[in-house]
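Step one of this worksheet: look at the structure below.
The values are calculated or read from the model by the stated rules, or taken from the named source; none is laboratory data. Treat the numbers as computed from the prediction; the structure is a model and nothing was measured. Please note: Cβ atoms are built from the backbone with ideal geometry, for glycine as well, and neighbour counts cover all protein chains shown. Just so you know, the surface numbers come from the protein's heavy atoms only, side chains and all, with ligands and any DNA or RNA stripped out. Shrake-Rupley method; radii C 1.70, N 1.55, O 1.52, S 1.80 Å.
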Amino acid sequence: MQYKPLIIANWKMNPQSLVEAKRLFGSVKKGLRNIKRTEVVICPPSVYLSDIKNQAAGIKLGSQNCFWEEKGAFTGEISAVMLKKIGCQYVIIGHSERREIFKETDEMINQKLKAVIKTGLKPILCIGETGEEKEQEKIVSVFKKQIKIALSGVAKSKISKSGFCIAYEPIWAIGSGEACGIDEAMSAKLLIQKILISFLGKSLTKKIPILYGGSVTSKNARDFIDEAGMNGLLIGGASLNSQEFIKIVKIVF
Ligand code: PGA
């Protein structure tokens with residue numbers, strides 16, 4: 001199955017002001033004016049979403065997180081419904097920083113996934129192993145657990161319609177400048193697909209894009225797509241430099 005490659009910018013908790021956020025977005029938008037063969041999604045901090053939305057044009061907006069309840073006494077949280085109303089189309093779920101720093105469990109991620117799908121937003125589920133798990137050759141069991149729990153109780157028909165995708169982000173590669181090797185990324189993709197087939201069957205698995213994230217730059221971006229067969233990229237650090245990000249999006253073709 002051919003996908004329109006998905007390039008997602010995860011700005012994390014950057015930049016520090018709305019002025020800078022608008023400048024960064026404006027510059028990316030200008031550089032990518034005529035890009036039609038790639039789906040480009042920017043995930044800024046939530047406080048910038050509505051301002052950026054007004055400038056969005058062809059670029060899609062995503063959130064870096066969401067809460068699973070729709071409303072109520074959940075101080076500090078933002079619901080998928082709110083994100084949809086403000087113009088988001090995608091939500092990153094289970095990023096390793098959320099898992100590690102904010103102690104999100106696979107069960108919480110499962111609830112978030114259900115809320116995102118129910119709201120009609122596209123979930124980007126992040127999975128990946130730590131350096132230690134890699135050394136101990138635990139990748140298979142780590143992936144299985146993360147995928148199985150995240151998808152538990154979610155109807156196949158809902159996954160199929162949701163635009164669900166998985167981002168493979170080896171934790172040791174995030175922000176480290178040490179990206180995953182191309183062969184390793186290729187085997188990770190095959191392993192993820194094998195696990196997905198066991199839960200969802202072949203035909204649905206074929207429709208699920210698998211992205212790579214972790215120290216992607218304009219130097220390695222193309223190899224992840226062409227050589228490792230990834231269907232897109234999730235970009236952190238390099239997405240904060242508009243020229244580098246534009247270069248990555250252009251280089252993928
Ligand atoms: P990085 O981050 O590109 O800075 O490694 C990727 C991510 O955390 O999604």
Item checked: Ile35 in contact (Cβ under 8 Å) with a residue 60 or more places away in the chain and assigned to a strand (DSSP E or B) -> no
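Find the residue count for segment 1-54, including only residues that are among the polar types (S, T, N, Q), loosely packed, with under 15 Cβ neighbours inside 10 Å and touching a helix residue (DSSP H, G or I) at 6+ places or on another chain (Cβ under 6 Å).
In the first step, residues of segment 1-54 are kept if they are among the polar types (S, T, N, Q); the result is 2, 10, 14, 16-17, 27, 34, 38, 46, 50, 54.
Still in the list and also loosely packed, with under 15 Cβ neighbours inside 10 Å: 2, 16-17, 34, 50, 54.
Now narrow it down to the ones that are touching a helix residue (DSSP H, G or I) at 6+ places or on another chain (Cβ under 6 Å): 50.
So the count comes out to 1.
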Margin query: I need the full set of residues from segment 128-167 which are under 21 Å from Glu39 (Cα atoms) and of a type outside the set (Lys, Arg), in order please.
Written below: Ile159, Ser160, Ser162, Gly163, Phe164, Cys165, Ile166, Ala167
Check: Can you name the residue in segment 63-81 that is of a type in the set (A, V, I, L, M) and touching a residue at least 12 places away in the same chain (Cβ under 8 Å) and is also most open to solvent (accessible area, probe 1.4 Å) among such residues?
Finding: Ile78
Next item on the list: For segment 236-247, enumerate the residues that are more than 10 Å from the ligand (Cβ to nearest atom) and either in contact (Cβ under 8 Å) with a residue 24 or more places away in the chain or in contact with a Phe, Trp or Tyr (Cβ under 9 Å, 6 or more places away or on another chain) (or both).
Entry: Ser242, Gln243, Glu244, Phe245, Ile246, Lys247
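Got a number for residues in segment 150-193 being among the hydroxyl-bearing types (Ser, Thr, Tyr) and farther than 13 Å from Lys134 by Cβ?
Going through segment 150-193, the residues among the hydroxyl-bearing types (Ser, Thr, Tyr) turn out to be 152, 157, 160, 162, 168, 176, 187.
With farther than 13 Å from Lys134 by Cβ added as a condition, the list becomes 152, 157, 160, 162.
Residues that pass the stated criteria total 4.
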Item checked: Residue list for segment 131-182, restricted to those being surrounded by 13 or more Cβ atoms within 10 Å (Cβ to Cβ), more than 16 Å from the ligand (Cβ to nearest atom) and not in a helix (DSSP H, G or I) -> Lys138, Ser152, Val154, Gly163, Phe164
Check: Do we find that Ala221 is touching a helix residue (DSSP H, G or I) at 6+ places or on another chain (Cβ under 6 Å), among the aliphatic types (A, V, I, L, M) and within 11 Å of the ligand (Cβ to nearest atom) in this structure?
Finding: yes
Next item on the list: Take Asn65 and decide whether it is polar (S, T, N, Q), modelled with pLDDT of 95 or more and within 16 Å of the ligand (Cβ to nearest atom).
Entry: yes
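If I go through segment 216-235 residue by residue, how many of them are among the polar types (S, T, N, Q) and touching a residue at least 40 places away in the same chain (Cβ under 8 Å)? Give the derivation first.
Start the filter on segment 216-235 by keeping residues that are among the polar types (S, T, N, Q), which leaves 217-218, 220, 231.
Still in the running and touching a residue at least 40 places away in the same chain (Cβ under 8 Å): 220, 231.
Looking only at that region, the number is 2.
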Notebook entry, point to check: Counting only residues that are among the small types (Gly, Ala, Ser) and surrounded by 16 or more Cβ atoms within 10 Å (Cβ to Cβ), which one in segment 194-218 is farthest from the ligand (Cβ to nearest atom)?
Noted result: Ser218
Next item on the list: Test Val47 against the criterion of being in contact (Cβ under 8 Å) with a residue 12 or more places away in the chain, farther than 21 Å from Cys165 by Cβ and within 20 Å of the chain's Cα centre (by Cα), and give yes or no.
Entry: yes
Next item on the list: Looking only at segment 71-111, count how many residues are farther than 21 Å from Lys161 by Cα and either away from the ligand (no atom under 16 Å from the Cβ) or assigned to a helix (DSSP H, G or I) (or both).
Entry: 20
Checklist line | Conditions (1) open to solvent by less than 10 Å² (accessible area, probe 1.4 Å); (2) of a type in the set (A, V, I, L, M, F, W, C); (3) more than 15 Å from the chain's Cα centre (by Cα); (4) within 15 Å of the ligand (Cβ to nearest atom); number of the one not met by Leu233 | finding: (3)
